[in-house]
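Read the structure below first, then the notes.
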Amino acid sequence: MKIRYLPEADGELEEAVAYYHARNPQAAKQFDAAVRHEERHLQNHPYSAAATLAPWRAWPIPHFPYSLIYRVARQELIVVALAHHSRRPGYWKHRLPERH
């Protein structure tokens with residue numbers, strides 16, 4: 001199953017990696033590896049996350065204050081946000097594609 005990040009979600013991933021890298025390059029590598037690991041898990045088990053705003057689901061990144069917010073659509077996972085846990089819940093709702 002393919003994973004597709006919306007541009008805003010991709011930007012959040014880049015910003016988070018840059019944030020960790022500026023403070024601790026090893027932490028940035030660990031964060032990126034954790035995100036990629038969870039992506040692989042979701043590719044194999046796409047419905048394992050709770051539907052927070054059906055059909056959108058939230059999957060936490062272990063050891064980091066982030067969750068992948070995504071939806072299963074045909075043969076791909078659409079990631080709408082890499083949401084930091086301290087942000088306002090649902091801040092990403094305006095990104096939801098009308099057609100999905």
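Derivation of every value follows stated rules applied to the coordinates shown; laboratory data play no part. Just so you know, these numbers come straight off a predicted model, no measurement behind them. Neighbour counts are summed over all protein chains in view; Cβ atoms, including those assigned to glycine, are modelled from backbone coordinates with ideal geometry.
For region 1-25, a residue qualifies if it is aromatic (Phe, Trp, Tyr) and within 15 Å of Arg36 (Cβ to Cβ), and the qualifying residues are Tyr5, Tyr20. Taking Asp10 as the residue in question, decide whether it is in a helix (DSSP H, G or I) and within 11 Å of the chain's Cα centre (by Cα). In short, yes.
Which one is surrounded by the fewest Cβ atoms within 10 Å (Cβ to Cβ), of the residues in region 78-88 that are within 17 Å of Glu39 (Cβ to Cβ) and among the small types (Gly, Ala, Ser)? Among them, the one singled out is Ala83.
Evaluated against (1) in contact with a Lys or Arg (Cβ under 7 Å, 6 or more places away or on another chain); (2) polar (S, T, N, Q); (3) surrounded by 14 or more Cβ atoms within 10 Å (Cβ to Cβ), Gln75 falls short on exactly one condition, (3). For region 28-43, a residue qualifies if it is touching a residue at least 40 places away in the same chain (Cβ under 8 Å) and either over 15 Å from Leu82 (Cβ atoms) or loosely packed, with under 15 Cβ neighbours inside 10 Å (or both), and exactly one does: Gln43.
Could you pull out the residue among Glu12, Glu38 that is under 21 Å from Lys93 (Cα atoms) and charged (D, E, K, R)?
Going through Glu12, Glu38 in turn, just one is under 21 Å from Lys93 (Cα atoms) and charged (D, E, K, R): Glu12.
Pairing each residue of region 53-70 that is at positive phi with any residue that is of a type in the set (Gly, Ala, Ser) and in a strand (DSSP E or B), provided the two are 6+ apart or on different chains, yields no C-beta distance under 8 Å. Kindly establish whether Ala58 is surrounded by 19 or more Cβ atoms within 10 Å (Cβ to Cβ), within 14 Å of the chain's Cα centre (by Cα), of a type in the set (Gly, Ala, Ser) and over 14 Å from Asp32 (Cα atoms). No: the conditions fail for Ala58.
In region 61-76, which residue that is touching an Asp or Glu at 6+ places or on another chain (Cβ under 8 Å) and in a strand (DSSP E or B) is farthest from Glu38 (Cα to Cα)? Among residues in region 61-76 that are touching an Asp or Glu at 6+ places or on another chain (Cβ under 8 Å) and in a strand (DSSP E or B), the one farthest from Glu38 (Cα to Cα) is Leu68.
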